[in-house]
Amino acid sequence: MGTMVHHARATCLLILFVLLSCCLFPAAVVYAAPCQSTVGVTCANGGVCLVPAGKSCTFAAPGSYTFTEVYINGTVNITPLGTAGVTITANNIYVALKLHVDFLGYNAGLGPGTGIAMQNAYSGASHGGTGGGHLNELGTPPYGSLTAPILPGSGGDSSGGGVGGGRLQIIASTLTITSLGTISANGKASTTGGGGGGSGGSIYIQVDQLIGSGN
């Protein structure tokens, strides 16, 4: 799947893969106070994470977060930038609005699939597929796993390319995503006319039951 961005396209890997087994990010760290939140948000590691409508909660450190229940009626932002990922584990997770790691992968010019110079422009970054240029040239080879995606997206070229998408793992008994709910790991568009966009990151979902019609 490609996205045309300023005459270059970046191929995104956004996989929602449902497995019954567990495969955690390596070297996960458990944080006691995970959420830098606005007033009205309750989110304690080991307890319930409740983000009401109109509110936001920001996870500011990479690692593993464990809750009994997660209810996202507002927005959950995850800010670690680079190769570090976030794992959220809970009995039940309910997403009614937005849980995302957009633009949280490799910076421009970095990553195994970073954009490369082509005729009069740069390619989009690669990840699950090959990024390309505006004249259908091929970029760097794809990387990552189709069955256990745990790698961040690569940045576009170093001359104004976009940032790659981050990496998120969800482990739950039940994951519900409503019609307005979104879980995403988008790469960012280039900031220049001939630059390449960053590639999408990874979303690895391991649940017993997946309910809903969200994105």
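The values are calculated or read from the model by the stated rules, or taken from the named source; none is laboratory data. In this text, all values refer to a predicted model and were calculated from it rather than measured experimentally. Note that each Cβ is placed from the backbone with ideal geometry, even for glycine, and that neighbours are counted across all protein chains shown. Only protein heavy atoms, including side chains, enter the accessible area calculation; ligands, DNA and RNA are left aside. Shrake-Rupley method; radii C 1.70, N 1.55, O 1.52, S 1.80 Å.
Which one of these is touching a residue at least 60 places away in the same chain (Cβ under 8 Å) and over 30 Å from L50 (Cβ atoms): P149, P112, P142?
Answer to the selection: P142.
Looking only at the range 172-188, decide whether some residue is in contact with a strand residue (DSSP E or B) (Cβ under 8 Å, 6 or more places away or on another chain), of a type outside the set (D, E, K, R) and either more than 26 Å from V76 (Cα to Cα) or free of Cβ contacts under 8 Å to residues at least 60 places away in the same chain (or both).
yes
In the range 167-183, what residues are part of a strand (DSSP E or B), more than 15 Å from G128 (Cα to Cα) and open to solvent by less than 40 Å² (accessible area, probe 1.4 Å)?
Once the filter is applied, which keeps residues that are part of a strand (DSSP E or B), more than 15 Å from G128 (Cα to Cα) and open to solvent by less than 40 Å² (accessible area, probe 1.4 Å), the range 167-183 yields L168, Q169, I170, I171, A172, T174, L175, T176, I177, T182, I183.
For the range 191-215, how many residues meet the condition of being modelled with pLDDT under 90 and open to solvent by less than 10 Å² (accessible area, probe 1.4 Å)? Spell out how you get there, then give the answer.
Step one: filter the range 191-215 for residues modelled with pLDDT under 90, giving 191-197, 213-215.
Those left that are additionally open to solvent by less than 10 Å² (accessible area, probe 1.4 Å): 195-197.
Summing the residues that are modelled with pLDDT under 90 and open to solvent by less than 10 Å² (accessible area, probe 1.4 Å) in the range 191-215 gives 3.
L146: farther than 30 Å from S159 by Cβ, hydrophobic (A, V, I, L, M, F, W, C) and open to solvent by 30 Å² or more (accessible area, probe 1.4 Å), yes or no?
Yes.
Restricting to the range 184-215, name every residue that is closer than 23 Å to A53 by Cα and either of a type in the set (F, W, Y) or in a loop (DSSP other than H, G, I, E, B) (or both).
Result: A185, N186, S213, G214, N215.
Among the residues of the range 80-97, are any of a type in the set (S, T, Y), modelled with pLDDT of 95 or more and more than 15 Å from I203 (Cα to Cα)?
So far as the range 80-97 goes, yes, one or more of its residues are of a type in the set (S, T, Y), modelled with pLDDT of 95 or more and more than 15 Å from I203 (Cα to Cα).
Could you list all residues from the range 115-143 that are open to solvent by 30 Å² or more (accessible area, probe 1.4 Å), farther than 27 Å from V70 by Cβ and in a loop (DSSP other than H, G, I, E, B)?
I116, Q119, N120, T130, H134, L135, N136, E137, P141, P142, Y143, listed by residue number.
Hey, among N77, N91, which residue is under 13 Å from the mean Cα position of the chain (by Cα) and part of a strand (DSSP E or B)? Full working, then the answer.
On the way: N91 fails: under 13 Å from the mean Cα position of the chain (by Cα).
It is N77.
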